[in-house]
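Input: a single structure, listed below in structure tokens.
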Amino acid sequence: MKDIFAEFYNKVIGFFRRTEAEEESSKDVARNRLRVVLMQDRTNLTPELMEKMRKELIELLSKYVEMDKEALELNLEQEGDQMALMLSIPVLRAKEESEIEESADNAETESEEEADAQTDIDEEETGESDENADEEEVSGEDDSDDDSDDEDEFENDACDCGKCEKCNPKNKKNK
Amino acid sequence: MSGRVIVITSGKGGVGKTTTNANIGTALARAGKKVVMIDTDLGLRNLDLLLGLENRIVYTIVDVVEGRCKLKQALVKDKKNPNLCLLAAAQTRDKSAVTEEQLKEICEKLQKDYDFILVDCPAGIEQGFQNAVAGASEAIVVTTPEMSAVRDADRIIGLLEAKEEIKSYKLLINRVRPNLIKSNDMMSVDDVVEILSADLIGIIPEDTGIITSTNKGEPIVNDEKSLAGKAYNNVARRIMGEDVPFLNLEEETGVMAKVKKFFSGLVGKEK
């Protein structure tokens with residue numbers, strides 16, 4: 001008797017659920033939002049930093065290719081245990097050599113690969129290219145400011161662990 | 001004897017750390033192990049309530065640390081199970097009343113006489129968490145299939161991985177609601193495991209019995225009919241090294257719960 005009721009109940013509910021959840025179930029929304037937020041948490045890459053990186057990449061790459069700047073996508077993605085920066089660049093056309101020489105005085109030879117429409121970039125590599133971009137801008141003050149900011153962040157992180165001096169002396173005082 | 005020190009932690013509050021602690025502890029003790037639970041949630045103690053021991057506490061962990069009593073004097077024996085005891089947190093002090101070193105020392109002393117030392121960790125990632133983790137070599141990370149709990153669990157896992165003393169950590173997913181998972185309104189156990197990429201040690205279904213068992217101060221593992229109790233018992237067995245398959249919540253409760261809900265809806269009264 002119970003089983004018959006249960007089956008009936010499931011069928012009715014199932015019917016309504018199916019029509020409701022045509023688009024994207026709330027579980028999928030949760031999972032996707034969580035993935036994005038966790039990747040930001042894990043890498044400490046804030047949306048602002050990503051935007052900055054995007055802009056600088058556009059600047060750098062447009063020396064070599066003409067592209068659809070609006071459609072350029074830079075995303076963090078996870079494959080298994082590995083985190084990857086995925087860069088998708090819709091290329092309109094490659095620039096002529098003469099054009100490249102014109103715009104790029106401080107030539108960077110590595111960037112041939114980056115002109116590919118799909119490019120995987122490891123975090124470390126982008127870290128480097130980020131630094132390089134900073135160097136290009138060359139304003140000594142900015143650079144040193146950035147560095148000290150980074151150090152501050154690390155100090156805060158270290159404080160979380162409770163092993164650093166900031167945390168321990170307090171406890172001893174209370175003892 | 002050198003007992004295992006396991007910290008039970010979660011990051012987020014309200015996901016069931018203390019309930020998990022009380023139940024795993026009780027289940028281990030019922031299996032004949034000598035178990036001591038340490039409540040490190042100074043100022044917000046609750047483990048005593050879940051075990052029904054709130055009226056028996058004379059000394060707390062702070063009394064031990066400050067030398068007002070011996071460690072053994074502060075251990076409160078469980079009503080039913082002589083294998084189980086509790087080292088309660090002080091209710092009137094804050095997290096700074098005990099340091100990491102002091103907790104480590106207490107754990108080391110207890111390791112000599114007990115098989116398992118379960119450390120109940122406060123919510124958050126501040127000093128209270130650091131203290132609780134200090135003496136442990138294993139961890140159980142409790143989470144629920146909700147975004148905020150999973151995010152916090154991820155943070156906790158990151159912190160645990162950075163700690164050399166923590167040799168292994170396992171994931172326990174609490175308050176799972178098979179009905180919601182079935183209707184795609186809740187992340188499944190697999191989703192959570194995949195996102196956190198951690199080993200699973202337990203899946204505990206949402207169970208109204210938890211509320212009544214808390215009311216009575218009796219861990220739900222004592223109720224052999226309860227599904228959550230069964231699930232917690234299985235966790236304890238896995239901790240002891242047994243290979244126990246996970247309960248199939250979708251098949252068993254999914255249908256039954258719906259039937260119950262259907263009937264209770266008709267009658268308009270639960271039970």
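The values are calculated or read from the model by the stated rules, or taken from the named source; none is laboratory data. Given the structure is predicted, the values throughout are model-derived calculations rather than measurements. FYI the Cβ positions are ideal-geometry reconstructions off the backbone, even for glycines, and counts take in every protein chain you see. Accessible surface areas use protein heavy atoms only, side chains included; no ligands, DNA or RNA. Shrake-Rupley method; radii C 1.70, N 1.55, O 1.52, S 1.80 Å.
For the pairs B:Lys33/B:Lys112; B:Lys34/B:Lys112; B:Lys70/B:Lys112; B:Lys72/B:Lys167; B:Lys80/B:Lys216; B:Lys12/B:Lys216, note any where the Cα-Cα span goes beyond 20 Å.
Over 20 Å Cα-Cα: B:Lys72/B:Lys167; B:Lys12/B:Lys216.
If a/c stays under 1.5 just call it rounded; otherwise compare a/b with b/c (prolate if a/b is bigger, oblate if not). Do that for the range B:11-127, with a ≥ b ≥ c from the square roots of the Cα gyration tensor eigenvalues.
Rounded, because the longest to shortest axis ratio a/c is under 1.5.
Please work out whether the range B:124-225 counts as rounded, prolate or oblate from its C-alpha gyration tensor, where a ≥ b ≥ c are the square roots of the eigenvalues and a/c under 1.5 means rounded, while otherwise a/b larger than b/c means prolate and anything else oblate?
It is oblate, given that a/c is not under 1.5 and a/b is not larger than b/c.
For the range A:40-63 and the range B:169-198, compute the distance between their C-alpha centroids and round to whole Å.
Centre-to-centre distance over Cα atoms comes out at 32 Å.
At 1.4 Å probe size, what's the solvent-accessible area of A:Val29? Round to the nearest 10 Å².
50
Are there trypsin sites (Lys or Arg not before Pro) in the range B:140-175 that DSSP marks as loop and that have at most 13 other Cβ atoms within 10 Å, and which are they?
Counting only loop positions with at most 13 other Cβ atoms within 10 Å, the trypsin sites (Lys or Arg not before Pro) in the range B:140-175 are B:Lys167.
So, in Å, what gap is there between the alpha-carbon centers of the range B:100-143 and the range B:219-247?
That distance is 22 Å.
Quote the accessible area belonging to B:Asp41 in square angstrom, nearest 10, computed with a 1.4 Å probe and with ligands, DNA and RNA left uncounted.
30
Once the piece of chain linking B:Met240 and B:Glu101 is laid out straight, how much longer is it, given 0.36 nm per residue of separation minus the C-alpha distance between them?
Gain on stretching B:Met240 to B:Glu101: 47.3 nm.
Shape call for chain B from the C-alpha gyration tensor, a ≥ b ≥ c root eigenvalues: rounded (a/c under 1.5), prolate (a/b greater than b/c) or oblate?
Since a/c reaches 1.5 and a/b is larger than b/c, the shape of chain B is classed as prolate.
What are the residues whose amide H is under 5 Å from the amide H of B:Leu200, where those residues sit 5 or more places off or on another chain and H is modelled from the backbone?
Long-range HN contacts for B:Leu200: B:Leu171.
Could you check the spin-label model distance between B:Thr212 and B:Ala162? Points 7 Å from the Cα along Cα→Cβ, value in nm.
Each label point is offset 7 Å from its Cα along the Cβ direction, giving 4.5 nm.
To the nearest 20 Debye, how big is the dipole of the range B:1-145 about its Cα centre, given +1 on the beta carbon of each Lys and Arg and -1 on that of each Asp and Glu?
Computed about the Cα centre, the dipole is about 520 debye.
Picking from B:Pro219, B:Pro122, B:Pro178, which is most flexible by a Gaussian network model of chain B using Cα springs under 10 Å?
The residue with the greatest mean-square fluctuation here is B:Pro178.
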